[in-house]
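One structure is given here, and the rest of the page talks about it.
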């Protein structure tokens, strides 16, 4: 199932209305709490060698970059510790902080449980995110899966690594991120050009922000601009 | 906690004297200037007076001013209205790459949909456009040149008078480049400037600026929102973007925003009257803020020329952190500023202005604009300088990014 199918929960005033007095703020109280008091971030003086898996997603060029460090119990495959660093906006920081809590609470998730976390689950725990923030800023599930693969790579359990299958970006046209990657490689670097090749978002304009984000990402990846 | 509003380039509060001038036209003097009776005549007289007053300050004729709904409409009218009306003389425009979106998007539209060619001039690393650069871009089929007076994000001030002068000379020396069919022996290209950000700080005398079209608006100079003006030199033909009655010579039909226009005229009078003294005061505060941030926060970059900038504009990139997150932290401390980060824009594009300076995405994402105003005091600046360093430090501790030192050393 696509990560992009669910409609994000949004308030009708400002971006999201707070629960404390009706005054509209850009994010919910939970987001605000995690943004101003981020949990489990990687401290400057921490030793990366204490962790046995790392993951990375994004780049500053596409607006967000996220790195995670995990300590996994090799016997139980439970996540004992999960640390992160994020370059990104308020919702990027808050969603990463929330994800770090989710994978370590109640004794820690196993890697197979952690792999099932979707952006929607993180957003639900945050009490919603503004619609335009959902696609671009919830990246931690991807960084987490990258770290899980890294753990299996380091422990020579290559058979347990999962290669990310392409995701359907537009449930209407069934266009995947891989299709968009191909279009960009074929020289389509604008949304119009990509639409001409793939028909993505035609009749379903709500997916266009995600498509633009992908175009920018692949443009940066392959052409450096 | 103090509340420090440092977003005057976005909009300014209404000056009480402006409100005072507007109030009668929101209450008893509510007439429609087009009505043929005393109530309407009162409104018409007030409208004419406002036009006269503004014309005098700008050193133009009253019939050369068109009232609009704001800077965006004035810019659109200049770009689209002029170019469409004059396309038989050539279909090439020259605009700078860091114009306001109201100019850039209009030019892009002409380029994509209406068969025009557009040359986008890149500013140098300091955010300056040179006279030579503009003149070199002019071709025989160039009909329109637009260079903004002061940039809205980085505040750099362009040599509009020099450029205007050179364009006028160019027109005289090249009388045959394009046949001239208009009364007043007008030739091409015409020169437009968007002066929205300049009204409170710079000289707006059109005779000295040598411009043919000039955009101003009310809401950046302690006047009301939703009102602007376009100066159109006599003989310059433009066509309307909307259709209706004969208001504003049919170029901009629709019942006039009487109270708004009166407020804008009053605001312009005050802004231009006080601009020299206020600019001196703000320049001191601006340089205090720039120097203070540089002193207390490592890894920052001032975007735009250090002195050829508006007295109220400070634009700084804080390396390794993302602007929206920083703006929200500042907001929680009562400081209201803005950022060129993609995350606050609905398009998810970072500032085209910072990118036009030749800087990478991460520097644009970390740019923050502090724009000072009438209410800004020494104490405000001191509070901002005390507040910023720990917030930057906190966000940097969360960040995995380390921007290449060549962008801030």
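Read-outs: derived from the displayed coordinates by stated rules, not from any lab. For clarity, every value in this text was computed on a predicted model and none was experimentally measured. Note: ideal-geometry Cβ built from the backbone for every residue, glycine included; neighbour counts use all protein chains shown.
So the values come out like this:
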read-out	value
Separation of the residue B:130 and residue A:50 label points, Cα + 7 Å toward Cβ, nm	5.5 nm
Mean Cβ neighbour count within 10 Å, used as a protection proxy, ranking B:312-320, B:192-200, A:201-209, B:295-303 highest first	B:192-200, B:312-320, B:295-303, A:201-209
Whole-number D in µm² s⁻¹ for the stretch B:35-131, Kirkwood Cα-pair radius fed into Stokes-Einstein, 25 °C, 0.890 mPa s	153 µm²/s
Residue exposure sequence - A:161, B:264, A:70 - by fewest surrounding Cβ within 10 Å	A:161, A:70, B:264
Binned Cα-Cα distance frequencies in the stretch B:78-123 - 10 Å width, integer %	29, 60, 11
Cα Rg, Dmax, the protein assembly as shown, angstrom units	27.3, 92
At R0 = 45 Å, FRET efficiency that the Cβ-Cβ distance of residue B:404 and residue B:168 yields, to 0.05	0.55
Helix axis angle, B:323-332 relative to chain B longest principal axis, alpha carbon, degrees	80 degrees
Residue mean of other protein chain beta carbons inside 10 Å, A:78-88	4
Residues A:189, A:198, A:76 arranged by fewest to most Cβ contacts within 10 Å	A:76, A:189, A:198
Antiparallel bridge percentage (DSSP; both residues within chain B; nearest 5)	55 percent
Distance between modelled label sites at residue B:139 and residue A:75, nm, 7 Å Cα→Cβ extension	7.6 nm
Between helix B:38-58 and chain B: long-axis angle, C-alpha atoms, 0 to 90°, nearest 10	60 degrees
Whole-number percent relative contact order across chain B, with pairs defined as alpha carbons under 8 Å at least 6 apart	22 percent
Mean projection area, nm², convex hull over Cα of chain B	20.3 nm²
Other protein chain Cβ atoms within 10 Å, averaged over every residue that makes up B:316-328	4
Least to most buried among A:216, A:167 (fewest other Cβ within 10 Å first)	A:167, A:216
Cα centroid separation - the stretch A:51-98 against the stretch B:240-280, whole Å	53 Å
Equivalent ellipsoid semi-axes, the stretch A:39-135, via Cα gyration tensor eigenvalues times 5, rooted, Å	22, 17, 11
Distance in nm between pseudo-label sites at residue A:33 and residue A:106 (7 Å out along the Cβ direction from Cα)	1.8 nm
Angle between chain B longest axis and helix B:258-296 axis [Cα atoms, degrees, rounded to 10]	20 degrees
Calculated over the stretch A:58-103: convex hull of Cα atoms, volume per residue (Å³)	60 Å³
Cα-Cα P(r), the stretch A:168-223, percent of pairs per 5 Å interval	4, 25, 39, 23, 8, 2
Relative contact order, percent, the stretch A:168-223 [alpha-carbon distance under 8 Å, six or more residues apart]	40 percent
Peptide-level mean, for B:391-398, of C-beta atoms on other protein chains within 10 Å	3
For the stretch B:72-224, share of DSSP beta bridges that run antiparallel, in % to the nearest 5	5 percent
Computed [θ] at 222 nm, deg cm²/dmol, the protein assembly as shown (DSSP H ≥ 4; -39,500 (n - 2.57); rounded to nearest 500)	-12000 deg cm²/dmol
